[in-house]
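Chemist: I have a structure here, written as structure tokens, and I will follow up with some questions on it.
What follows draws every value from the coordinates through simple rules; no lab data is involved. Keep in mind the model is a prediction, meaning the values are calculated, not measured. Counting neighbours? That spans all protein chains shown, and the Cβs are built from the backbone with ideal geometry, glycine included.
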Amino acid sequence: MKILNVKHPLQSDQFPNEDTVLIMGYFDGVHEGHQKVINKGVNLAKEKGLKSVLLTFDRSPREVYQHEKNYQYLSTVSRKAELVAKLGVDYLYVMEFSKLFSKLLPQEFVDQYMVQMRAKYVVAGFDYTYGKRDIANMENLPKYAKGRFEVVTIPEQMYDGKKIGSSSIKELIANNQVDLANKVLGYSYQNQGVVIHGLQRGRTLGYPTANILTTPDQVKPSIGVYVTRVEVNGKWYPAMTSVGYNVTFKEDTGVTIEANIFDFDEDIYDQPVRVEWLHYLRGEVKFDGADGLVQQLHLDKDNSLKYFREHK
């Protein structure tokens, strides 16, 4: 898959040089609902002998239109690209969602992007918009298309009677339900970060941890202890990871992500890592002292290893 990071207006040499199936959407998280849209576009392109092109944005339109501050994402741009590539897309366009771009009228957006991207088919979800929702929706897209391309609308996708959506998945992750979030995502949720120096208390307890700093724009799991995998230098290791406040020792560290990586003893300070959240074990507990905490850590590790044995 070729990735193009672009700005409005596109230059002539940035447009595709052959006819395409254009897949439209923001696709935060690339969850199972998004995958239905993308798979439809990829399969249609193969069937018609066209190239599949996915056009997305570098940030949520809500940051520009609603001026939302501290917006959090299920997937960074690089993670989204990784997930999209696995679905077989030929070209990924990541458009800078600038104020200038946001001011395009619906007809201008259709003419300058859908048409000039040489779309023979435009595939998007039922709720995709390209301007104000009441006029720039999928129902009205054929009017703006003026017969220049066909519109393919993917209906609402459901899970257990509820709409699959990025917002609802964020709520699951933030409320101790990462297991269910993973089912709706269609894969295990990840955070990306860098290993930083912590207080090194875990080492004195026999459970050394990698203290992982993530960017503030990533959705992080709720407070608790999880079965995880941690990727270091391209290799995945089983682990258990705490998201918490270090309440037992009353340390004013704020919320930290600390991973005890099993059978691992390397210096990885300042190295990039990824944490894959597999299963919620328990909430954060305040113990009277180190002995109670160590006893619980033994139990957490036993339960984590049991999970890995049962989910090979």
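Chemist: Between 259, 174, 119, where does the largest GNM mean-square fluctuation fall for the chain, given springs only between Cα atoms within less than 10 Å?
Modeler: Comparing 259, 174, 119 in a Gaussian network model of the chain, the most mobile one is 174.
Chemist: Additional query: Using the Karplus curve 6.51 cos²θ - 1.76 cosθ + 1.60 with θ = phi - 60°, work out ³J(HN,Hα) for each residue of segment 124-138 in order, rounded to whole Hz, and write x for Gly and Pro.
Modeler: For segment 124-138, the Karplus-derived couplings read 7, x, 4, 9, 5, 10, 9, x, 5, 4, 6, 10, 9, 10, 5 Hz, x marking Gly and Pro.
Chemist: Another one. Take the Cα atoms of segment 89-216, build their convex hull, and give its volume per residue in Å³.
Modeler: Working: hull volume 23.2 nm³, N = 128.
Hull volume normalised by residue count: 181 Å³.
Chemist: Take the Cβ-Cβ distance between residue 111 and residue 194 as r, set R0 to 30 Å, and report the resulting FRET efficiency rounded to the nearest 0.05. Walk me through the numbers before you get to the answer.
Modeler: Working: r = 43 Å, r/R0 = 1.44.
So the FRET efficiency works out to roughly 0.10.
Chemist: What residue among 118, 282, 62 has the largest mean-square fluctuation in a Gaussian network model of the chain, using Cα springs under 10 Å?
Modeler: Of 118, 282, 62, the most mobile in the Gaussian network model is 62.
Chemist: Still on this structure, I have one more. Do the alpha carbons of any pairs in 120/183; 132/220; 183/235; 46/86; 40/163; 2/40 sit beyond 26 Å of each other, and which pairs?
Modeler: Numbers: 120/183 33 Å; 132/220 31 Å; 183/235 24 Å; 46/86 15 Å; 40/163 19 Å; 2/40 19 Å.
From the list (120/183; 132/220; 183/235; 46/86; 40/163; 2/40), the Cα-Cα distance tops 26 Å for 120/183; 132/220.
Chemist: Of all DSSP beta bridges in the chain, what percent run antiparallel (nearest 5)? Intermediate results must be reported in sequence, preceding the final value.
Modeler: Values: 38 of 63 bridges.
DSSP beta bridges in the chain are roughly 60 percent antiparallel.
Chemist: Report Rg(Cα)/(2.2 N^0.38 Å) for segment 188-310, keeping two decimals.
Modeler: Details: Rg = 13.3 Å, N = 123, 2.2 N^0.38 = 13.7 Å.
Compared with the compact-globule rule of thumb, segment 188-310 sits at 0.97.
Chemist: What translational D, rounded to a whole number of µm²/s, comes out for segment 26-112 from Stokes-Einstein when the hydrodynamic radius is the Kirkwood one over Cα pairs, at 37 °C and 0.692 mPa s? Before the final figure, lay out each step's value.
Modeler: Working: Rh = 14.2 Å.
Rounded to a whole number, D works out at 231 µm²/s.
Chemist: Of 24, 1, 95, how do they rank once you tally other Cβ atoms within 10 Å and put the fewest first?
Modeler: Details: 24 24, 1 15, 95 18.
Listed from fewest to most nearby Cβ atoms, that is 1, 95, 24.
Chemist: If every alpha-carbon in segment 2-163 counts as one equal scatterer, what log10 I(q)/I(0) does Debye give at q = 0.18 1/Å?
Modeler: Here the Debye-derived log intensity ratios amount to -1.21.
Chemist: With all pairs of different alpha carbon atoms counted, what Kirkwood hydrodynamic radius in Å does segment 55-100 show? Show your work: numbers first, answer last.
Modeler: On the way: mean 1/r = 0.0855 Å⁻¹.
11.7 Å is the Kirkwood radius here.
Chemist: Hey, in the GNM for the chain with a 10 angstrom Cα cutoff, which one of 41, 289, 186 fluctuates hardest?
Modeler: Of the options given, 289 has the highest mean-square fluctuation.
Chemist: Hey, fewest Cβ within 10 Å first, where do 31, 311 land in order?
Modeler: Working: 31 24, 311 9.
Going from least to most buried by this count: 311, 31.
Chemist: Report the gain in length on full extension from residue 302 to residue 160: 0.36 nm times residue separation, minus Cα-Cα distance, nm rounded to one decimal. Let's see the in-between values first.
Modeler: Working: separation 142, 0.36 × 142 = 51.12 nm, distance 3.17 nm.
So the extension gain works out to 48.0 nm.
Chemist: Please list the radius of gyration and Dmax for the chain, considering alpha-carbon atoms only, with Å as the unit.
Modeler: 22.3, 72
Chemist: Given points 7 Å out from each Cα along the Cα-Cβ axis, report the residue 7 to residue 215 separation in nanometres with one decimal.
Modeler: It works out to 1.8 nm between the two label points.
Chemist: Now for a separate question. Calculate the length of the line joining the C-alpha centroid of segment 1-53 to that of segment 118-160, in whole Å.
Modeler: 14 Å
Chemist: To the nearest 20 debye, what charge dipole does the chain have about its Cα centre, counting +1 at the Cβ of each Lys and Arg and -1 at the Cβ of each Asp and Glu?
Modeler: Working: 39 positive and 39 negative charges, 188 e Å.
It works out to roughly 900 debye.
Chemist: Let me ask something else about it. Taking the inverse of the average 1/r across all pairs of different Cα atoms in segment 106-176, what Kirkwood radius in Å do you get? If you can, show how the numbers build up before the last one.
Modeler: Values: mean 1/r = 0.0728 Å⁻¹.
This gives a value of 13.7 Å.
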